[in-house]
1. With +1 assigned to the C-beta of every Lys and Arg and -1 to the C-beta of every Asp and Glu, and no other charges, what is the dipole magnitude of the chain about the Cα centre in debye, to the nearest 20?
2. Please build a GNM for the chain, connecting alpha carbons under 10 Å apart, and tell me which residue among VAL281, VAL244, VAL105 fluctuates the most.
3. Based solely on its DSSP helices, what 222 nm [θ] is calculated for the chain when runs of n ≥ 4 H residues each add -39,500 (n - 2.57) and the sum is averaged over all residues, nearest 500 deg cm²/dmol?
4. When the chain is fully extended, how far beyond the present Cα-Cα distance does ALA227 get from ALA275, taking 0.36 nm per residue of separation?
5. Out of (1) 228; (2) 175; (3) 110, which label holds the value of volume of the Cα convex hull per residue in Å³ that was computed here?
6. Any idea what diffusion coefficient the stretch 96-181 gets from Stokes-Einstein, in µm²/s, Kirkwood Rh on alpha carbon pairs, 20 °C, 1.002 mPa s?
7. Across the stretch 186-234, what fraction of all alpha-carbon pairs, as a whole percent, falls in each successive 5 Å bin from zero upward?
8. Using only the alpha carbon atoms of the stretch 254-301, find the Kirkwood hydrodynamic radius as the inverse mean reciprocal pair distance, in angstroms to one decimal.
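We did not get these values from a lab; they are worked out from the coordinates using the rules stated. Model, not experiment: these values are computed from the prediction. Here the Cβ is made from the backbone with ideal geometry for all residues, glycine too, and neighbour counts use every protein chain on show.
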Amino acid sequence: MSDVDPADAAPEGAGDPAGDPAAEPAGRVVLVATPIGNLDDLSTRAAAALRDADVVAAEDTRRTGRLLAHLGVRAELVSCHDHNEEQRAPVLAGRAAAGATVALVTDAGTPGIADPGYAVVRAALAAGAAVEAVPGPAAFLQALVLSGLPTDRFAFEGFLPRKPTARRAHLERLATETRTVVWYASPHRAAAELADAAAVLGDERPAALARELTKRFEEVRRDTLRALAEAVAAEPPRGELTVVVGGAPAPASASTEALLAHAVEAVEEQVAAGASTRDAVAAVAAEHGVRRRALYEAVLSRR
């Protein structure tokens, strides 16, 4: 007869790999953000994630191959770009579900932001694989914080449509967007895009054009859309570009419109009494607490 008390017996599944959670596949997909220019921006955690990966899926295997060589990483390297992501995603997800660690990187920045990544994440989640992300650089955020434009609320548009008609239609939908708007632009389309933006969103809309961020020749131009469009047309830029545009003015409330209308009447009275329009607008704007430019434009629209 055994001396073992049944209460002390091993629980069901003990010693059976199938019942041991630690023995179950622990694969995952890891989105790894990589530098947008300066290699020193690669985080310690990002480097460790690439070293720990069984397979690295890259937008450009040659470019990523150089980064892996720099880190001394010898993981399997496969392509995952715009043209094959839908086909590659279930394969990568399957490997992760089977226990492999799959690291996903793009040419620069954070995977899934105007770059491959979404389809792989979707497939991994559907396959029951874990998904992690190693944060890091993103060009649109870098441009936004350097632009001098409001950063509390913004809209990221990726890349604008290539065809002029579709691009203008897209910009029309952004014409009343009150948030700061950010998009990526290629050097050979920047002049046309800025010209269209100025025509649709307004010549005087404040904007910034950032290029070569974090690199040796980093530059951020801050001006109106019209001025930036003219500058780019005169001297086409080189390198990766990010456009940041100030949001549209918030629609005036009924009370604001009434106040403006009252201020216009006050300006007209002063002008009738002999004051110049400019002086009358300045005095009334200060007295009524309205924006001088808005008041001046409202006065001109009445004439």
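1. Rounded to the nearest 20 debye, it is 1500 debye.
2. Most flexible of the set in this elastic network: VAL281.
3. -12500 deg cm²/dmol
4. 13.9 nm
5. Checking each listed value against the structure points to (1).
6. So the translational diffusion coefficient is about 137 µm²/s.
7. 5, 23, 30, 24, 12, 5, 1
8. About 10.2 Å, per the Kirkwood formula over Cα pairs.
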